[in-house]
1. Filter the cross-link list LYS52/LYS77; LYS77/LYS112; LYS47/LYS92 down to pairs whose alpha-carbon distance in this structure exceeds 22 Å.
2. For GLN96, list long-range residues whose amide hydrogen, built 1.01 Å from N in the peptide plane, is under 5 Å from its own amide hydrogen.
3. Going by alpha carbons, how many degrees (0 to 90, nearest 10) lie between the helix axis of 23-39 and the longest principal axis of the chain?
4. Which shape class applies to the chain: rounded if a/c is under 1.5, otherwise prolate when a/b exceeds b/c and oblate if not, where a ≥ b ≥ c are the square roots of the Cα gyration tensor eigenvalues?
Amino acid sequence: TNVTPPHSTIRPGFPVPVSTDSPEVRRAARFGVYRYNNSSNDLFLFKESQIKKAMVQIVRGLKYMLHVEIKRTVCEKRDHPSLDSCHFQREKNLQQMLRCYFEVWITPWTHKVHIPVAHCH
């Protein structure tokens, strides 16, 4: 059962650059941010502010390799709001930006997302 790749120019096995504006890349970045938020002990949620670089590789699904800047929002974790409605922190002493590298592996036919790598500094 061959699944035709969504980007027809991509050959299996080779990471290739993709648009940082594509909905798939934005979605993959959001998964990385969820992973970061779940593992951090920050009081506030972070949200992606800019996707600097995106690559995708076809390996039993789609593996996104993303360089993302994330910033602290005004939303507190315990409130669990939708990240879409969270605005970035305006208070100078609460602002924080991190540079992250996420590997987000999406297997669409199993509806599974795996994030083996999430490094932020």
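Every read-out reported here was derived from the displayed coordinates using simple, explicitly stated rules and does not represent laboratory data. Computed from a prediction, not measured in an experiment: that's the story for all the values here.
1. Details: LYS52/LYS77 25 Å; LYS77/LYS112 24 Å; LYS47/LYS92 17 Å.
Among LYS52/LYS77; LYS77/LYS112; LYS47/LYS92, the Cα-Cα distance tops 22 Å for LYS52/LYS77; LYS77/LYS112.
2. ARG72
3. Once rounded, one gets 50 degrees.
4. Prolate.
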